[in-house]
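First the structure, in the form of structure tokens, and then the observations on it.
The values are calculated or read from the model by the stated rules, or taken from the named source; none is laboratory data. Please read these numbers as outputs of a predicted model, since none were measured by experiment. Cβ atoms come from the backbone with ideal geometry, glycine included; neighbour counts cover every protein chain shown. Please note that ligands, DNA and RNA were not included when accessible areas were found on the heavy atoms of the full protein model with its side chains. Shrake-Rupley method; radii C 1.70, N 1.55, O 1.52, S 1.80 Å.
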Amino acid sequence: METRLLSASEYDIAVAGKIIAGGGLVAFPTETVYGLGANAFDEAAVKKIYAAKGRPSDNPLIVHIAEKEDIIPLVKEVTPKAKALIDAFFPAPLTIILPKSEKIGNAVSGGLDTVAVRMPQNKTACALIKAAGVPIAAPSANTSGAPSPTKAKRVIEDMNGKIDAVICGGDCDFGVESTVVSLAGEVPVILRPGAVTKEMLEEVIGKVEVSPAVLEGMAENETAASPGMKYKHYAPKAKIIIVNARRERYEKFVNSRKNAFALCFEGDKVTVPKVTYGTENSDLSQAREIFDALRTLDDMGAKKVYARIPKKTGVGMAVYNRLIRAAAFRIIDLEKPFLIGLTGQTGAGKGFAGEYLKSLGFIVLDADIYARRVCEKNSPVLSVLSEKFGNDIIVNGELNRPLLAERAFSSEKNTQLLNSITHPAVLELCRKEAVFPAVLDAPLLFESGADGLCYKTIAVLAPKELRLERIMRRDGISEHEARLRMRAQKSGKFYKENSDFTVINDGRDIKNQILNVLEEIL
Ligand code: TXA
Ligand code: MG
């Protein structure tokens with residue numbers, strides 16, 4: 001099919017109106033994003049929208065009207081709250097959901113008994129609806145799953161050859177789709193945040209809830225209030241990772257990553273290739289640019305993109321809602337200590353893995369050293385230990401380690417007692433000193449609870465016989481002694497169940513495995 005490129009002239013809008021009235025598809029600008037429209041009363045035409053976008057048929061469309069009263073035939077009843085919102089806002093980047101009338105077919109409503117209605121304020125959009133003489137059902141004019149188009153050229157990229165026409169009417173003012181609020185239940189619920197904020201709505205109709213899925217992902221078994229919530233959304237080809245960090249920390253982080261692209265704010269001093277989306281303090285500018293920035297990153301061939309986090313308030317909530325989906329909910333939080341926990345069985349090669357991470361620029365914190373430091377001369381831990389395990393474990397103020405070990409490891413109970421005294425102090429020290437990017441090398445990472453400090457954890461494992469050989473060689477001990485030591489260790493199964501990643505050191509290239517894990521984490 002040849003897709004006609006139309007202008008926003010009166011003549012071209014009349015042509016586009018005829019195409020819609022005749023059952024065709026036309027993409028058109030709105031103040032939010034470009035829409036892909038069909039006659040809302042023509043089931044066959046509406047079905048073509050789903051085909052052109054590759055959209056799942058249970059994800060309903062928004063019906064666009066040109067006059068406030070045009071909503072009346074579309075819904076069962078214009079409730080008082082609906083009327084209040086219409087009077088206060090329409091035309092606006094606001095969509096209202098109400099129980100539908102029998103005029104709305106199943107293709108439009110995705111099989112639901114409600115319908116979403118919006119009156120756009122963009123002049124071209126309004127003129128088109130009037131020219132068509134019918135309400136226009138329209139989702140965003142992108143391929144399903146891709147970022148919404150805010151410029152005509154992005155529509156053409158996705159829809160050329162699949163639809164009858166595109167009205168090329170300039171860039172969209174807001175850049176994120178309309179706020180979707182459901183008035184079908186007791187309390188109004190925001191299903192999708194947009195430029196009309198929660199605060200603005202509450203001023204008119206009182207309490208409004210925000211669906212939990214707006215800022216978080218949905219659990220596998222949850223049913224979606226809005227079918228659009230459950231589908232992959234706004235996803236560019238690049239892997240996006242949101243970085244929660246203030247400007248300087250973000251800059252330092254992103255500038256140290258290899259092969260990275262930055263999705264940042266104007267003025268951020270990054271040295272890697274970057275695309276900006278607005279300024280730090282203007283959520284409206286971020287909204288306007290976010291979708292196009294995502295598409296531009298793909299044009300640049302970005303594979304991995306670190307995005308600076310927007311504020312989640314006001315229109316920022318809408319920006320964050322889109323970005324977190326584009327990032328498939330991946331977030332690195334640099335405002336918390338960012339630690340990668342490293343553990344594993346004795347003799348498996350944890351030390352080697354630590355050295356390798358050090359060579360890659362990570363600071364490696366050794367939990368054994370912390371364990372020594374908390375027992376230094378005059379430390380509170382030392383006095384508790386002497387209380388529990390006997391005064392004679394302290395000689396000239398220093399800890400007699402072999403004696404403590406003998407007593408502490410004489411029974412399970414005593415071992416636990418020792419751990420309950422030292423582990424919290426070690427954790428506290430780690431928490432204080434952890435700096436980014438750091439690895440915490442801890443044999444008892446999980447047993448001590450230190451994994452709770454870590455962003456992700458890696459366990460290094462190796463087959464039994466290999467570990468035995470390594471321990472004997474490394475520590476110059478007999479097979480019997482080595483086996484005793486190994487027996488005190490947790491099983492491979494334990495590490496696999498508790499760690500985020502396992503690295504197997506059995507002759508396979510361990511460096512490559514570590515690089516692959518880092519690729520996943522960072
Ligand atoms: O700004 C906008 O709203 C743009 C422009 C073109 O108007 N349109 C738009 O449509 O974003 P679309 O289809 O991309 O997003 C509509 C969202 C989807 O998440 C859909 O699941 C939800 O609204 N929706 C539509 N009807 C619904 C209904 N009856 N109940 C619950 N959610 C509904
Ligand atoms: Mg959409």
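Annotations for the structure displayed:
- Region 163-189 - residue that is β-branched (Val, Ile, Thr) and away from ligand 2 (no atom under 16 Å from the Cβ) and, of those, surrounded by the fewest Cβ atoms within 10 Å (Cβ to Cβ): Val187
- Only a single criterion out of (1) of a type outside the set (Ser, Thr, Tyr); (2) at pLDDT 95 or above; (3) in contact with a Phe, Trp or Tyr (Cβ under 8 Å, 6 or more places away or on another chain) is not satisfied by Asp87, namely (3).
- Test: residue in region 318-327 that is among the polar types (S, T, N, Q) and buried (at least 16 other Cβ atoms within 10 Å of the Cβ): yes
- Condition met for Leu284 (surrounded by fewer than 20 Cβ atoms within 10 Å (Cβ to Cβ) and in a helix (DSSP H, G or I)): yes
- Scope region 91-140; condition near ligand 1 (Cβ under 8 Å from one of its atoms), outside any loop (DSSP other than H, G, I, E, B), open to solvent by 10 Å² or more (accessible area, probe 1.4 Å) and aliphatic (A, V, I, L, M); matching residues: Ile97, Ala116
- Search result, residues across region 147-176 that are within 13 Å of ligand 1 (Cβ to nearest atom), touching a Phe, Trp or Tyr at 6+ places or on another chain (Cβ under 9 Å) and part of a loop (DSSP other than H, G, I, E, B): Pro147, Ser148, Pro149, Thr150, Gly169, Cys172, Gly175, Val176
- Any hit, region 455-470, residues being modelled with pLDDT under 90 and out of contact with any helix residue (DSSP H, G or I) (no Cβ under 6 Å at 6 or more places or on another chain): yes
- Enumeration of residues in region 40-67 that are in a strand (DSSP E or B) and open to solvent by 20 Å² or more (accessible area, probe 1.4 Å): Ile62
- Hits in region 473-500 - residues which are over 42 Å from the mean Cα position of the chain (by Cα) and within 30 Å of Ala438 (Cα to Cα): Arg473, Arg474, Asp475, Arg485
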